[in-house]
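What follows is one structure encoded as structure tokens, with my remarks underneath.
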Amino acid sequence: MYEFIERHKGYLFTLLAAVFVLSTLFKPYPLSWLVKLLPLLLLIIISFKKSETKLTKYFLAGLIFSVLGDFFLDYDRINWFIFGLGAFLVAHLFYIKSLMPVEKKRVAIVTFYTLYGIAVFVLISSGLGELFIPVLIYMSVLLGMAIATLVSKNTNSWLILGGLSFVLSDSLLGIDKFYSPIPYATLFIMISYYFAQYALVRGYYRR
């Protein structure tokens, strides 16, 4: 069974992700959180057998906390948002740890990430209210993860795309929630989010 999943992981992940992404056009519906988790659970199954070293176990932990974050954000997007934010913050910390060691390079792109993060935070800051500090901390860690994909000694194009897509997804979420609603926001957020997770997994185990 594992061999079948591994061989067809790209098609299976795309199918599961497409089902949830398209279903966002018809939400809410019962157990939508479970449908949302299926693509990430597939990535966890794929990653579990490959997690033999300490660093790969950190990466797997990042996926597991991402699943928790997905659950919190979909089960109750209003009251449990802070729990989802916390789960993804821990996920990114594990991703950063799994990308060690790093080296100094791509300074220009790192600077761009930093300036972009500041710009987005300034844009949404007036709508954050009591979430000002939690979101500031989360965005800092998210940018740290994206930068880690750039400066890791074992980086590749898939990892970099994964980090970039994660930043895009969370930027859209933040702007839509705290600044101004974006038409079909959930559609674009989930497409970029699922691609980010898939790209990180594909890149990490190709190192």
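Observations on the structure shown:
- Of the residues P181, F121, V67, the one whose Cα sits farthest towards the positive end of the charge dipole of the chain is V67 (charges of +1 on Lys and Arg Cβ, -1 on Asp and Glu Cβ, taken about the Cα centre).
- For the range 140-155, 3J(HN,Hα) computed residue by residue from phi via the Karplus equation (6.51, -1.76, 1.60; θ = phi - 60°) reads 5, 5, 4, 5, x, 5, 4, 5, 4, 5, 7, 9, 4, 5, 10, 6 Hz, glycine and proline entered as x.
- Excluding same-chain neighbours fewer than eight residues apart, the lysines reachable from K104 by a Cα-Cα span under 26 Å are K54, K57, K153.
- Gain in span if fully extended, Y11 to I78, counting 0.36 nm per residue against the direct Cα distance: 20.8 nm
- Label point 7 Å beyond Cα of F112 along Cβ direction - residues of the range 163-197 with amide nitrogen under 13 Å: 164-165
- Residues V107, V167, sorted so that the one with the fewest Cβ neighbours within 10 Å comes first: V107, V167
- 3J(HN,Hα) along the range 18-23: 4, 4, 6, 4, 5, 5 Hz, from the Karplus curve 6.51 cos²θ - 1.76 cosθ + 1.60 with θ = phi - 60°, whole Hz, x for Gly and Pro.
- Cross-link reach list, lysines versus K36, counting only Cα pairs under 21 Å and skipping chain neighbours closer than eight places: K9, K27, K177
- Gap separating the Cα centres of the range 155-171 and the range 18-70, nearest whole Å: 17 Å
- Taking the Cα centre of the range 2-204 as reference, the dipole from Cβ charges on Lys and Arg (+1) and Asp and Glu (-1) amounts to some 580 debye.
- Whole-Hz couplings from phi, Karplus 6.51/-1.76/1.60, listed for the range 40-55; x for Gly and Pro: 6, 5, 4, 5, 5, 4, 5, 7, 4, 5, 8, 8, 9, 10, 5, 5
- Label of the coordinate-derived value, percent of Cα pairs over 30 Å apart, listed as [x] 12; [y] 18; [z] 23: [y]
- Per-residue [θ]222 nm for the chain (sum of -39500 (n - 2.57) over DSSP H runs n ≥ 4, rounded to 500): -25500 deg cm²/dmol
- Cβ-to-Cβ counts within 10 Å put D76, D170, D176 in ascending order as D76, D176, D170, the fewest first.
FYI, it's all coordinate maths here, none of it is from the lab. Bear in mind the structure is a predicted one, so any value in this text is a computation, not a measurement. Because the Cβ atoms are built from the backbone with ideal geometry, glycine has one as well, and the counts that use them run over all protein chains shown.
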